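For reference, the structure is listed below as structure tokens.
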Amino acid sequence: MKKYLMMALLAVFALNVSAAKKKAPAKVSNKPVFTVVKEIPVTSMKDQSRSGTCWCYSTLSFFEAEILKATGKKYDLCESFVENKTYMDRAVQVVRFHGDCQFAQGGSAEDVLQTLKTHGICPESAMPFPGSLYGDSLNNFNEFFSLLSPYVDAIAKNKSKKISNQWKAGFQGILDAYLGECPEKFTYEGREYTPKSFMNTLGIDLNDYVSITSFTHHPFYTGFAVEVQDNWRFPLSYNLPIDEMMQVIDNALELGYTIAWGGDVSEDGFTRKGIAYAVDGKAAQSLAGSDMARWLNLAPSKKNSLLDSLGCKVPEIVPTQEMRQERFDNWELTDDHGMHIFGLAKDQNGKEYYMVKNSWGETGDYKGVWYMTKAFIAANTMDYLVNKKAIPAEIRKKLGI
């Protein structure tokens, strides 16, 4: 009797377990699964921390990759050296303009290129580690710029008929106190260098680098200075149609070159988890069965939740030339971040993503790497720096380079 009772109880238990399994909703994950198509070697991940220096970190990473491609040798080049030289150059310009231009933490790839050309460079080890001079473990420019900005403003807008050159000595003192003094000479791997002689040993030609953009308010295949505040040196970018702008990126990666990218990451589709989509908001709501208000009126938390649920199935816009121009002219397309494109990957549905090295340390789901769709890059690129050897021959011919 006990035997049959036990068997009956086991059978009931088994039926309950089976029912519970049937009731449990199936978990469907839309998280992208990436397969690398092309990955170009780059140097280690860094963290700009609390500083507006993405332009410096991304472009030095780009040049480190260029040196690695040319020589096979890895270098850790010094951001503080570039920042020290750049902020002085920018302050001089603001004073020359009597304050009628912006002094700020931000910059562009051109700032790094011009520093390398004019001043040279040193390895990271030749200057104090970022933040160490003021007791921090990484950059923190809050106090630093609370001194720099009013200093420049006071000189540029003072009422004197003539200013002395002594302001530069005071300004340089602040730079050196927070960033470290740029060395005139240093020893690296047993040899003594100046920043310029060190630059000359790195195996790259700084005249090989050009900037690319894509807008219609200037003629295609000509150069113009992109009209954003951090482009304060006014370098010329070659203007290409949107499809050729993207063709250059793909050709560069195919040939083993990387890209120093500048663009807009303020869009909803750029997540802090390491993904970036050019989201079509209306279509996203439709796919999710949402009866909420229009996409633009959704709270950020609801947008994030919706994007997470859709994952790699999120619908994207098809970027056009007209769309880029309209967003630039109405201030939607901004220049707010610099990153380093170094590869190409596909998700489980075949969608292509650029592999992009960020400068926020090993954050996100991919330890500091962002996977940004081609649509996102096409829609949100302001400009980028690339080796002219990476540009397809037919496009170089149109540009005359």
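Every number here is computed from the coordinates shown, using simple stated rules; none is lab data. This is a predicted model, so every value here is computed, not measured. Because the Cβ atoms are built from the backbone with ideal geometry, glycine has one as well, and the counts that use them run over all protein chains shown.
Summary table below
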{"quantity": "Pair S125, K389: separation of 7 Å Cα→Cβ label points (nm)", "calculated": "2.8 nm"}
{"quantity": "Charge tally in the Cβ shell below 15 Å around I204, where Lys, Arg are +1 and Asp, Glu are -1, I204 excluded", "calculated": "+3"}
{"quantity": "Stretchable slack from K117 to N330, in nm (0.36 nm times residue separation minus alpha-carbon distance)", "calculated": "73.2 nm"}
{"quantity": "Label-to-label distance, nm, for residues given as N165 and K282 (7 Å Cα→Cβ offset)", "calculated": "6.2 nm"}
{"quantity": "T271/T320 FRET efficiency (R0 22 Å; Cβ-Cβ; nearest 0.05)", "calculated": "0.40"}
{"quantity": "Summed residue charge, Cβ within 11 Å of Q105's Cβ, Lys/Arg positive, Asp/Glu negative", "calculated": "0"}
{"quantity": "Per-residue ³J(HN,Hα) for segment 92-100, Karplus 6.51 cos²θ - 1.76 cosθ + 1.60, θ = phi - 60°, Hz, x for Gly and Pro", "calculated": "4, 5, 4, 5, 4, 8, 6, x, 8"}
{"quantity": "Sites D136 and D176 - FRET efficiency at Förster radius 22 Å, r taken between beta-carbons, to 0.05", "calculated": "0.85"}
{"quantity": "For S237, distant residues with modelled amide H under 5 Å away", "calculated": "F224, A225, V226"}
{"quantity": "Nearby lysines by direct alpha-carbon distance to K302 (threshold 24 angstrom, same-chain neighbours under 8 apart not counted)", "calculated": "K27, K31, K273, K282, K313"}
{"quantity": "10 Å Cβ shell holding at most 11 others, DSSP loop, GluC sites (Glu not before Pro): longest site-free stretch of the chain", "calculated": "190-401"}
{"quantity": "³J(HN,Hα) computed for each position of segment 37-53 - Karplus, 6.51 cos²θ - 1.76 cosθ + 1.60, integer Hz, glycine/proline x", "calculated": "8, 8, 9, 9, x, 9, 8, 5, 6, 10, 10, 6, 6, 8, 8, x, 10"}
